[in-house]
Amino acid sequence: MQESIDLAWWITAVELPVMGGLFWLIARLRRDAETALETLRGRAETAQAQVRESLAAYKLEVAKTYVSVATLKDVERRLTDHLLRIEAKVENGGAPFAQPYAPPYGDGGRR
């Protein structure tokens, strides 16, 4: 009988408060972790948006300053000339030497 009283006393006096404290500690840690995760998620989304905006601005700056209009016009002219030569070959039945050779550049050089 003494052992059952000691066991009941042990459960009531020690184990229940300890288990309650552990439960409270786990619940608080979980809540704190969720709060920290939401804060981190918000920061990550903000940083990602800033990186995307910066990348878009950089791409626009490169597009504005890297290639000159003259270079773009030259590339367009060369592509158009080349497509016209291909079209002429197709119209002539694919004869490779139906037209005289024209160098890809006006000065005859390669780039």
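Within the stretch 27-60, the residues that satisfy the criterion of being modelled with pLDDT of 95 or more and among the hydroxyl-bearing types (S, T, Y) are T35, T39, T46, S54. Just one of the listed residues (T35, T39) is in a helix (DSSP H, G or I) and within 24 Å of the chain's Cα centre (by Cα), and it is T39.
The values are calculated or read from the model by the stated rules, or taken from the named source; none is laboratory data. Quantities reported herein were computed from a predicted structural model and do not represent experimental measurements.
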